[in-house]
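Peer 1: Structure provided below as structure tokens; questions to follow.
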Amino acid sequence: MTEILMPRLSDTMEEGVVSSWQKRPGDEVRAGDVLCDIETDKAVMEYEAYEDGVLDRILVAEGETAAIGAPIAVIAPAGGVPAPDPAPAPARAPVPEPESEPESAPLAVRRPDGARPPSSPLARRLARDHGVDLAALTGSGPGGRIVRADIEAAIRAEASAVPAAPEPVRTRAQDDPDVEAVPLNRFRKVAARRLTESKRDAPHFYLNREVDAGALAAFRATLNEVLAPARVSVNDLVVKAVATALREHPEVNVSYTEDALLFHGRVHVGVAVAVPDGLVVPVVRDADRKSVSRIGAETRELAVRAREGRLGAQDMSGGTFSVSNLGMFGVGSFSAVINPPEAAILAVGAVRDEPVVRDGRVVPGKRMAVTLSVDHRACDGATAAKFLARLAELLENPLLIVA
Amino acid sequence: MAETPTRSAARSAGEAAPARARRSRGPRTPRPGPGLPQPPDTAGAEAPDTAVPAAPDTAGTLVGFYRQMLLVRRFEERAARAYTEAKIGGYCHLNLGEEATVVGLMAALRPTDYLFTNYREHGYALAKGIGADRVMAELYGRSTGVSKGWGGSMHLFDAEARLLGGYGIVGGQVPLAAGAALAVSYKGGDDVVMCQMGDGTTAIGGFHEALNIAALWDLPAVFVVVNNGLGMGTAVERSAAEPELWKRGAAYRMASARVDGTDVVAVRDAARLAVERARSESRPYLLEAVSPRLKGHSVVDPARYRSKEEKDALKDADPVARTARRLADAGILSPEDRDRIDAEVTAEVEAAAAFADASPQPDVSTLFDYTYATPVAGEQRRLPADPVFRS
Ligand SMILES: Cc1ncc(C[n+]2csc(CCOP(=O)(O)OP(=O)(O)O)c2C)c(N)n1
Ligand SMILES: [Mg+2]
């Protein structure tokens, strides 16, 4: 029998949380197999087995914390005699011996009156995210340590304690079996805060415009023929046109602050991308200086990374204008919420087949609706309208976009 | 238009190129002057060995390479484990995946040749002949370690083995290696200086300065770029405008080549060509070995920037497993031999860990004893909590 100990996976780590077990009791284990994922103070790391064997028992359940060096599982020799006492895997971690507490654990562990109670890193993070006061909780973990389950219980308790008066008909997920409460993820939280801020602080006004998209669609088809197998989308052309128009209309490429209007010397266009659990806006930097195909390639790369959750903060910051396109979902037109601190956002609808009047005759044509949302503190109607007119001109004469 | 003097002409006209003092190293072909494009000596994945007619390798040599590679593998695995057991502190970068490159390169050196490396150097120390016990003890920070316990993982240093250091500053070793090659040149003899570095290092200014001066002054230096595709989490294509790094030699008219770093014999052959040219002609060389890094940048890096598919693909590229398969296919390595070698090197590594664990910590009073080899004016010997200014 070999005990698997909580590993130290960073220089500053004192304890870790088993965030998931990759092996179950009874599973065969080979050296190099991932046993479990350990959440440290810095990251979630895979932890691999050093020896072959069979996972006999799990001592620290998922979500539970253990100090460095504390046993978290037991591995039996491969093909060896079964463990004399095949104790079933406990659903919860048994309370480890007190001496397995980290010697260098912060003072809080001893908890003199009024001090912060001991807590796991995961619990601390959850508490921070949900505004739960650790000092008000009693931990159910080893030595009174506050663990994830305690925070979740506190969140539930708080949710059900809030009086339902303001919205009388709303039921709590807690009591209604038909409603599932899914905790907010990082994206949704950030988006919620920033968009609320935007709608609250930035007086939005909206300019609508219908663009004759016939030439744009034809141009895109030609481009894709010559660029094959690379492809550009209508949106790539829109991003480039926006960037070009912004370069010519610096009064739209601005940010409002209390003290001054900031004119941005560079044009960085954010492109809204739907990800499975939210919305992110990665930024194509210096879009005015990049070719359409380069913009396309970058946007697709950013979108792929966005969907895989691999965008870094630097990929999503620094935008000076954003484009949101719901055309691929058949949306004709819509208006978007400005992405602060930017001063405007363009909402792009689908390219539609429509009858158009050309030289006094009704002929088949293509149209696309664009809506510009503008922060009135930063920019006035006429200024924005001029920008939009130039943008429409570029979109209707797409050679100008690449000229 | 005035004729531009060639470099050799300029030099014979009296420019004080330090390397002039160098002993001659046998016949040299005159190099073309500016304007005559010089084709790279070798290109692509193979470096035809023209300089040294190599005798075919014996089974013993090949199995010896495998044994060394496996030693590096087991050593690094043990180091990773010791880190999780809090026996090793601080930074710890492993050669996992680079074993063929490490062993192939070291096989091309004589024991008297000098080596500079970056911080990912445990394997180089082993393959240069330093005992696993002294290397492990250094990782543990014990006084029996290569650097007497004061260097740690990134700063292995052993003058006797002519390992002139692992360096923690990216690119820090490259100008120093050029300097060492200049010293060799001055002193005479036919030693060669090899300087190992990572792909990310080729974007550091010192890399270009060192290669430039090495080429100008004909220094006997072999610069080796181990291209593991990543500088921490940044892919080569994102950090290098010319991601075929060996081509950078062209900027200095330096012979250069790229080699498959997972093939120990190919690496040895390519390195031997480079080393022997440096030895006999005193000409620098740039060798790029392409070799995967199997794990994160250091032991604390979960490498989330790699997808599951990428991680799985790495397993197929594992040079140790590949070498074992090849030797087995060639009928040189039986399964019994393989297991025996594994048991032997594992025992060696376990003994090294036990030795390290039993060794004493260095005494604080010796902290500054090895900072400088010679007295340095104004050297600060301040311990933490000592006053900055003494009155
Ligand atoms: C001058 C300097 N800049 C940055 C760092 C941080 N750093 C440490 S390793 C590393 C990546 C180097 O990559 P590469 O040269 O490819 O070597 P590898 O780690 O792949 O062996 C960086 C940026 C450093 N140590 N020194
Ligand atoms: Mg690298």
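The values are calculated or read from the model by the stated rules, or taken from the named source; none is laboratory data. In this text, all values refer to a predicted model and were calculated from it rather than measured experimentally. With ideal geometry, Cβ positions are generated from the backbone for all residues, glycine too; neighbour counts draw on all protein chains shown. Protein only, heavy atoms only, side chains kept; ligands, DNA and RNA dropped before computing areas. Shrake-Rupley method; radii C 1.70, N 1.55, O 1.52, S 1.80 Å.
Peer 1: Identify all residues within the range A:364-403 that are open to solvent by 40 Å² or more (accessible area, probe 1.4 Å), out of contact with any Lys or Arg (no Cβ under 6 Å at 6 or more places or on another chain) and assigned to a strand (DSSP E or B); write none if there are none.
Peer 2: Of everything in the range A:364-403, those that are open to solvent by 40 Å² or more (accessible area, probe 1.4 Å), out of contact with any Lys or Arg (no Cβ under 6 Å at 6 or more places or on another chain) and assigned to a strand (DSSP E or B) turn out to be A:PRO364, A:LYS366.
Peer 1: Does B:VAL345 fit the bill of being surrounded by 15 or more Cβ atoms within 10 Å (Cβ to Cβ), within 14 Å of chain A (Cβ to nearest Cβ) and β-branched (Val, Ile, Thr)?
Peer 2: no
Peer 1: With the structure loaded, tell me whether A:GLY349 is closer than 26 Å to A:ASP375 by Cα, more than 14 Å from chain B (Cβ to nearest Cβ), of a type in the set (Gly, Ala, Ser) and open to solvent by less than 20 Å² (accessible area, probe 1.4 Å) or whether it fails that test.
Peer 2: In short, yes.
Peer 1: Which members of the range A:1-27 meet the condition of being touching a residue at least 60 places away in the same chain (Cβ under 8 Å), among the hydrophobic types (A, V, I, L, M, F, W, C) and within 12 Å of chain B (Cβ to nearest Cβ)?
Peer 2: If the condition is that a residue be touching a residue at least 60 places away in the same chain (Cβ under 8 Å), among the hydrophobic types (A, V, I, L, M, F, W, C) and within 12 Å of chain B (Cβ to nearest Cβ), then A:ILE4, A:LEU5, A:MET6 are the ones that fit.
Peer 1: Looking at (1) open to solvent by less than 40 Å² (accessible area, probe 1.4 Å); (2) more than 16 Å from ligand 1 (Cβ to nearest atom), which is the one condition that is false for B:GLU281?
Peer 2: With respect to (1) open to solvent by less than 40 Å² (accessible area, probe 1.4 Å); (2) more than 16 Å from ligand 1 (Cβ to nearest atom), B:GLU281 is out only on (1).
Peer 1: From the list B:ASN212, B:ASN227, pick out the single residue that is more than 14 Å from chain A (Cβ to nearest Cβ) and either within 16 Å of ligand 1 (Cβ to nearest atom) or more than 19 Å from B:GLY179 (Cα to Cα) (or both).
Peer 2: After ruling out the rest, the residue left standing is B:ASN227.
Peer 1: Suppose we filter the range B:82-140 for residues that are within 20 Å of B:ALA270 (Cβ to Cβ), within 16 Å of ligand 1 (Cβ to nearest atom) and among the aromatic types (Phe, Trp, Tyr); how many remain?
Peer 2: Final tally of qualifying residues: 2.
Peer 1: Of all the residues that make up the range B:151-174, how many are part of a loop (DSSP other than H, G, I, E, B), open to solvent by less than 10 Å² (accessible area, probe 1.4 Å) and within 16 Å of ligand 2 (Cβ to nearest atom)?
Peer 2: Result for the range B:151-174: 1.
Peer 1: Could you tell me which residue of the range A:42-57 is nearest to B:THR346 (Cα to Cα), considering only residues that are in contact (Cβ under 8 Å) with a residue 40 or more places away in the chain and surrounded by 15 or more Cβ atoms within 10 Å (Cβ to Cβ)?
Peer 2: My answer is A:ALA49.
Peer 1: Has the range A:47-56 got any residue that is part of a strand (DSSP E or B), within 14 Å of chain B (Cβ to nearest Cβ) and within 24 Å of B:ALA303 (Cβ to Cβ)?
Peer 2: Looking through the range A:47-56, at least one residue is part of a strand (DSSP E or B), within 14 Å of chain B (Cβ to nearest Cβ) and within 24 Å of B:ALA303 (Cβ to Cβ).
Peer 1: Among the small types (Gly, Ala, Ser), within 12 Å of ligand 1 (Cβ to nearest atom), closer than 25 Å to B:GLU99 by Cβ and crowded, with 18+ Cβ neighbours inside 10 Å: is that true of B:GLY233 in this structure?
Peer 2: No.
Peer 1: I'd like to verify a number: residues in the range A:3-46 that are in a strand (DSSP E or B) and either at pLDDT below 90 or within 16 Å of A:THR65 (Cβ to Cβ) (or both), how many?
Peer 2: 15
Peer 1: Can you find a residue in the range B:319-327 that is in a loop (DSSP other than H, G, I, E, B), over 22 Å from the mean Cα position of the chain (by Cα) and of a type in the set (Gly, Ala, Ser)?
Peer 2: no
Peer 1: Shifting gears a bit: Which one is nearest to the other protein chains (Cβ to nearest Cβ), of the residues in the range B:75-132 that are among the aromatic types (Phe, Trp, Tyr) and open to solvent by less than 20 Å² (accessible area, probe 1.4 Å)?
Peer 2: Looking at the filtered set, the residue picked out is B:TYR83.
Peer 1: Give me the pairs, please: first residue somewhere in the range B:188-205 and farther than 13 Å from B:PHE116 by Cβ, second residue anywhere and of a type in the set (D, E, K, R) and not in a loop (DSSP other than H, G, I, E, B), beta-carbon distance under 7 Å, and either six or more positions apart or on two chains.
Peer 2: Close Cβ pairs (under 7 Å, with a partner that is of a type in the set (D, E, K, R) and not in a loop (DSSP other than H, G, I, E, B)) amount to B:ASP190/B:ARG279; B:THR202/B:ARG248.
Peer 1: What single numbered condition from (1) more than 14 Å from chain A (Cβ to nearest Cβ); (2) open to solvent by less than 10 Å² (accessible area, probe 1.4 Å); (3) farther than 19 Å from B:VAL275 by Cα fails to hold for B:ALA177?
Peer 2: Just one mismatch for B:ALA177, condition (3).
Peer 1: If you don't mind, there's one more thing I want to ask. Out of (1) farther than 19 Å from B:LYS128 by Cα; (2) open to solvent by less than 40 Å² (accessible area, probe 1.4 Å), the odd one out for B:VAL226 is which?
Peer 2: The single condition B:VAL226 does not satisfy is (1).
Peer 1: Sort out which residues of the range B:141-184 are touching a Lys or Arg at 6+ places or on another chain (Cβ under 8 Å) and at positive phi, and write them in order of number.
Peer 2: B:GLY149, B:ARG162
Conditions (1) surrounded by 18 or more Cβ atoms within 10 Å (Cβ to Cβ); (2) part of a strand (DSSP E or B); (3) within 16 Å of ligand 2 (Cβ to nearest atom), marked per residue:
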site	(1), (2), (3)
B:LEU219	yes, no, no
B:ARG238	no, no, yes
B:GLU242	no, no, yes
B:TRP246	yes, no, yes
B:ALA251	no, no, no
B:ALA257	yes, yes, no
